[in-house]
1. At what distance in angstrom do the alpha carbon centres of the stretch 170-235 and the stretch 262-279 lie from each other?
2. When the convex hull of the Cα atoms of the chain is projected onto a plane and the area is averaged over all directions, what value comes out in nm²?
3. Which whole-Hz ³J(HN,Hα) couplings does the stretch 16-32 yield from phi under the Karplus relation 6.51 cos²θ - 1.76 cosθ + 1.60, θ = phi - 60°, glycine and proline marked x?
4. For the chain, what is the charge dipole size about the Cα centre, in debye to the nearest 20, if Lys and Arg each add +1 at the Cβ and Asp and Glu each add -1 at the Cβ?
5. Could you sort the peptides 265-273, 245-253 by per-residue average Cβ neighbour count (10 Å cutoff), highest mean leading?
6. Using a 7 Å offset from the Cα along the Cα-to-Cβ direction at both Glu148 and Thr131, what is the distance between the two label points in nm, to one decimal?
7. I need the calculated FRET efficiency for the pair Lys51 and Glu231, taking r as the beta carbon distance and R₀ as 35 Å, to the nearest 0.05.
8. Give me the dipole magnitude in Debye, nearest 20, for the stretch 136-180 about the Cα centre, with unit charges on the beta carbon: positive for Lys and Arg, negative for Asp and Glu.
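Every number in this text was worked out from the coordinates using simple rules, so none of it is lab data. Keep in mind the model is a prediction, meaning the values are calculated, not measured. Cβ atoms come from the backbone with ideal geometry, glycine included; neighbour counts cover every protein chain shown.
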Amino acid sequence: MQLVKYQVGETIAVGIWQQDQIVPLDMSGEISNLSDILESKDPAATAESLKTDSSIAVETVTLLAPIDQQEVWAAGVTYKRSQTARMEESETSASCYDRVYESPRPELFLKATPHRVSGPGQPLRIRQDATWNVPEPEITCVVNSRLELVGFTVGNDMSSRDIEGENPLYLPQAKVYRQCAGLGPCITLAADMPAREETTIGLEIERGGETVFQGETNVDQMARTFEGLIEYLGRDQEFPHGVFLMTGTGVVPESDFTLQAGDVVHITIDGIGTLTNPIVQG
């Protein structure tokens, strides 16, 4: 089952995405938003019980980021390729990234609050004070307040590699800013995802209508598990509305590549779909 948050006119609604149709859900009762469904004991059964008899074409609505009040966190250096890329950013910090890749404790950081998140088709931003910017395609765990993994969505963890490479303590500036995170186009409930070894993450970047970068990896290339990352994230933390956890990237453009304003980023993950965002600056 795939759940979407969408807008028609001034109305924001929640529905079940079925191929090219959305089945609206009746949110007029105790279950009034997407988070309420994710917080229920059985999200699939809850959503099924809210189905209406109507359907609408996907192309007639505006899909929104599937987030309400949740925080967005992220994990770093969870793939070998991301370890190498982070070490390329800065020779002085190379041993730091090497150690965190091998350490039982993962790198975890607060990535975004809801107002910093862009949904499908909405712009993502590259910083004005950065010269080396990349998208980071990441399968993103959807976790409820009980730290249960209830689903997955596509995430784009935008990064200014030159800022972080100058000093690891600048990571919040390299990672957290206006329009720094993309989520969408839907949430696929965990039971409906393909096996992890069959889940491919693909990245395509367009510039002027032509593909300037393309790459992919597989979830089974992660050095950590989703459950392990969630367990560490939940230590001495509480997320009353649940949390999104980006799980790191294994697709990194070469060091001579940087995003430009006007680029279009497509991230496709098996079992979820494609998140597309244009890039802006200024």
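1. Centre-to-centre (Cα) distance: 11 Å.
2. 14.4
3. 9, 8, 10, 6, 9, 10, 10, 9, x, 9, 7, 9, 8, x, 5, 8, 10
4. 480
5. 245-253, 265-273
6. For the pair Glu148/Thr131, the computed spacing is 5.1 nm.
7. After rounding, the FRET efficiency stands at 0.55.
8. Dipole of the stretch 136-180, to the nearest 20 debye: 180 debye.
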